[in-house]
Amino acid sequence: MFSMRESPAALLIGLLVLLSGCVEPPEEERISERVASEAWAADGIVGENEYSRTMVLIGPSRSGYSGGEMEISWRNDQEHIYMAMKGRTEGWISIGFEPLEWMKDADMIMGTVEGERTTVLDLYSTGRYGPHEDDAFLGGTYDILEFAGSERDGYTTIELKRKLDTGDVFDKALEPGQSVSVIWAMADQDGRDLKHDVAYGEAILPLIQDQVSGTIAATLSPREEEGVLFIWEEEKVARDLYAELYRETEMAVFLDLARSEQSHMDQAKALVDKYHLVLPVGDETGSFSNQSLIDLYDELLVQGMRSQEEALKVAAAFEEISIMDLERELEVAENEDVRVVFQGLLAGSRKHLRSYVRDLEEMGIMYAPQYISEKEFEDVVGD
């Protein structure tokens with residue numbers, strides 16, 4: 001089995017044999033942490049210490065989207081998750097938990113505020129791009145226990161409470177300590193059938209292990225430090241590579257997943273900051289310190305520039321490599337912070353691999369795994 005850290009030369013040769021303008025990086029997503037000392041209340045107002053974690057998500061302006069930001073705040077205990085979504089829009093805002101690919105099989109929550117009336121929908125996306133049906137319509141149940149909303153100064157805020165595990169087949173079962181893959185979107189109007197036209201994106205939402213955040217070990221082992229820095233740089237390779245492939249091919253999948261890789265970098269950088277590590281390089285596109293990553297980036301970029309098909313194959317192969325490296329790091333990581341972040345990144349890489357494989361299939365091309373086993377590949381991309 002190849003690994004980016006274990007056999008870079010063999011990896012490069014294998015990729016070349018088997019696979020024979022610039023996009024501005026999106027602004028960083030940051031997670032801030034605090035002790036949730038205020039009692040939670042569904043009142044449509046986010047208290048300063050009401051939630052233990054907050055993340056600001058930014059969707060840039062692009063064709064069909066005006067651009068905007070959404071702030072997600074959350075806390076959880078062993079049974080419930082409490083959440084606030086605050087978006088810069090007077091239309092609907094939404095979040096989806098654990099999509100299989102794009103929106104497919106996402107456990108979705110959509111909120112609107114119209115005058116004095118707040119509506120929160122419990123939905124499930126049955127397809128890659130919708131539709132989003134009510135859980136109850138599909139045979140499930142409505143499982144939002146409490147909610148409230150407000151709309152002021154151009155922002156819509158929705159607060160809600162639900163069980164981590166509702167028992168509904170159309171809700172994803174969440175667990176304390178889990179890194180939850182999420183998608184989010186906003187529209188400039190309230191109609192549920194209106195397409196999101198302000199912003200959208202994806203992120204990783206780490207749930208806390210217990211009711212009080214900050215119970216994680218205060219230090220990392222030298223091996224864990226090395227792993228954190230390597231994974232951050234590997235995610236940067238993905239971001240820079242996909243941004244360049246988008247500029248060359250103009251395929252939207254590369255723009256979307258370059259933004260996603262920025263999110264992955266930010267998750268790893270949160271560990272860098274928390275444990276006072278030093279990044280090996282700056283944020284400049286194409287700048288790396290690890291020689292194997294430098295060589296890989298250069299070779300994959302040349303390979304991917306040849307055609308849209310080669311670009312997708314290169315990207316799929318890179319996600320296989322990322323999956324292997326994250327699995328290896330998880331085998332040795334003991335620090336819970338590190339494990340939570342790496343588990344989330346692994347879920348993201350698996351989702352990205354599914355996306356690239358599906359896009360190749362739509363071109364009539366069947367992709368065969370190059371690095372992970374056939375069984376793992378089928379587990380990742382299988383319906």
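Each value in this text was obtained by applying a stated rule to the coordinates, not by laboratory testing. Everything quoted here is computed from the prediction, not taken from an experiment. All Cβ positions, glycine included, derive from the backbone under ideal geometry; neighbour counts span all protein chains shown.
Only the Cβ atoms of Lys and Arg (+1) and of Asp and Glu (-1) were treated as charged; on that basis the dipole of region 35-206 about its Cα centre amounts to roughly 460 debye. In straight-distance terms, cross-link reach from Lys163 covers every one of the lysines whose alpha-carbon lies under 18 Å from its own, apart from those fewer than eight places away in the same chain; here that gives Lys172.
By the Kirkwood approach, averaging reciprocal distances over each pair of separate Cα atoms, region 58-118 gets a hydrodynamic radius of 13.6 Å.
Simple point charges give the picture: +1 on the Cβ of Lys and Arg, -1 on the Cβ of Asp and Glu, and for the chain a dipole about the Cα centre of about 240 debye. Enclosing the Cα atoms of region 216-328 in their convex hull gives a volume equal to 97 cubic angstrom per residue.
Counting every other Cβ atom within 10 Å of each residue's Cβ, His276, His264, His132 order from fewest to most as His276, His132, His264.
Considered as an equivalent ellipsoid built on the Cα gyration tensor, the chain has semi-axes of 34, 24, 19 Å, the largest given first. Ranked by the mean number of other Cβ atoms within 10 Å of their residues, highest first, the peptides 318-328, 172-182 fall in the order 318-328, 172-182.
Per-peptide packing, taken as the mean over residues of other Cβ atoms within 10 Å, places 291-297, 85-91 in the sequence 85-91, 291-297 from highest down. Taking each DSSP H run with n ≥ 4 as -39500 (n - 2.57) and averaging over every residue of the chain yields -12500 deg cm²/dmol at 222 nm.
Between Tyr129 and Leu330, the FRET efficiency from the beta-carbon distance, with R0 = 25 Å, is close to 0.20.
Full extension of the chain between Val302 and Glu38 yields a length gain of 89.7 nm, computed as 0.36 nm times the residue separation minus the alpha carbon distance. Across the alpha-carbon atoms of region 109-183, the computed radius of gyration and Dmax are 13.6, 38 angstrom.
Computed on the Cα atoms alone, the convex hull of region 35-206 gives a volume of 106 cubic angstrom per residue.
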